[in-house]
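A short write-up of the structure that comes next.
The values are calculated or read from the model by the stated rules, or taken from the named source; none is laboratory data. As the structure is a computational prediction, the values presented were derived from the model and not from experiment. Positions of Cβ are backbone-derived with ideal geometry, glycine not excepted, and every protein chain shown enters the neighbour counts.
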Amino acid sequence: MYLYSDGKFLKEEQVCLSPLDRSYLYGEGIFETLKAQEGRVLFFKEHWERLFKGSQSLGFKINFSEQDLHDILIDLLKKNNFLVARLRVTLSRQNQSWEDPSPKDHLNLLAVASPLTEKEAKEELFPVEAILLREIRFLSDALSHVKSTSRLRYLWAYAQAKAAHCNEALLLDTEGYLLEGSRSNLFYWNGKAWQTPSLGTGALPGVTRQVIIEIFKEAKIPFEEVRAFPEALKNAKEAFLTGSVRGISALTKVDGQAIGEAQVGEETQKVFKLWQTRVGQELAD
Ligand SMILES: Cc1ncc(COP(=O)(O)O)c(C=O)c1O
């Protein structure tokens, strides 16, 4: 498999990361996970915008353009002969020495394309189950919008879900409000409108979340961004999770308790159809 590292396409085994890389040392890096279909990168512009904003927040000086990164990803797909893939872009600073960081520190750009599982590659609406994680809470602050490589708490949350034979862990903020999944955003249908935790809770501004909200606006589907306690989800009729690789997944149970009929509901199916149309447009553009 070929990777892109610091200006070159290299075989995986040729890539060397420095021990002075601050993503390795401190988790000070940012990343994007994107999906490629038909050899094209889905929602690249939206991913670029989040990467760019995250870079600004961390003081990273990006030394390549939006077009440069797009070209790198397309070339990476071609080099690996992938039409469908998961793409990961990581940006991290590398210290010049073991001294304090300096403004001259090098910015590393790493891009990886990897094959998807059969399930991930399929454009289907799968049911998933989640746990509600109460043991650790997530903060809303000036860095909540940054998709950073310091992921200890998210990884731990996901591991708890896996240990409970579930697909996702739902997270709460410090005040006990619903936040998001450890790797997804959350939407639920209360019988009148779709609701999703507002970004004020500290939820990641997910690219898929953003596209779904645009779809709601265009199709005049009622929706609200809210701060809500978990009871709102438990009383919901339907729910779904969103993420760049899996798109939309129907959330049917939380902590073993059914949401609505514990099935892929009608309202979710309607949203899924609109989502598929939007992805189709993206591939045709
Ligand atoms: C914590 C968290 N929330 C939400 C998402 C979904 O974001 P996106 O739709 O941009 O993939 C992710 C994706 O990895 C995530 O890690």
Open item on the list: Looking at S65 and the list (1) touching a residue at least 40 places away in the same chain (Cβ under 8 Å); (2) under 21 Å from E49 (Cβ atoms); (3) surrounded by fewer than 16 Cβ atoms within 10 Å (Cβ to Cβ), which single condition is not satisfied?
Closed with: (1)
Open item on the list: Six or more apart or on different chains, Cβ atoms under 6 Å: show the pairs whose first residue is in the range 142-165 and within 10 Å of the ligand (Cβ to nearest atom) and whose second is of a type in the set (S, T, Y).
Closed with: Y154/S182; A157/S182; Y158/S182
Open item on the list: Here are the criteria: (1) within 18 Å of F126 (Cβ to Cβ); (2) buried (at least 19 other Cβ atoms within 10 Å of the Cβ). Tell me which single one L172 does not satisfy.
Closed with: (1)
Task: The lone exception for K273 - which of (1) under 28 Å from F31 (Cβ atoms); (2) free of Cβ contacts under 8 Å to residues at least 24 places away in the same chain it fails - done: (1)
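Based on what the data block shows, is D71 without any contact (Cβ under 8 Å) to a residue 24 or more places away in the chain and outside the structural domain of I215 (by TED's automatic domain parsing)?
Yes.
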Task: Options A111, A130; residue that is buried (at least 19 other Cβ atoms within 10 Å of the Cβ), within 30 Å of K79 (Cα to Cα) and either more than 16 Å from the chain's Cα centre (by Cα) or more than 16 Å from the ligand (Cβ to nearest atom) (or both) - done: A111
TODO: Check every one of the strands (runs of 3 or more DSSP E) wholly within the range 203-278 and list those with 3 or more residues that are within 16 Å of the ligand (Cβ to nearest atom).
DONE: 238-243, 247-254
TODO: Any chance you could count how many residues in the range 187-211 are more than 22 Å from S140 (Cα to Cα) and in contact with a strand residue (DSSP E or B) (Cβ under 6 Å, 6 or more places away or on another chain)?
DONE: 3
Task: Condition check for S55: among the polar types (S, T, N, Q), assigned to a helix (DSSP H, G or I) and in contact (Cβ under 8 Å) with a residue 40 or more places away in the chain - done: no
Open item on the list: Give me the residue from the range 83-105 that is free of Cβ contacts under 8 Å to residues at least 60 places away in the same chain and either assigned to a strand (DSSP E or B) or touching a Leu at 6+ places or on another chain (Cβ under 8 Å) (or both) and, out of that set, nearest to W48 (Cα to Cα).
Closed with: V89
- [ ] Go through the residues of the range 202-215 one by one and say whether even a single one is touching a residue at least 40 places away in the same chain (Cβ under 8 Å) and in contact with a Pro (Cβ under 8 Å, 6 or more places away or on another chain).
- [x] yes
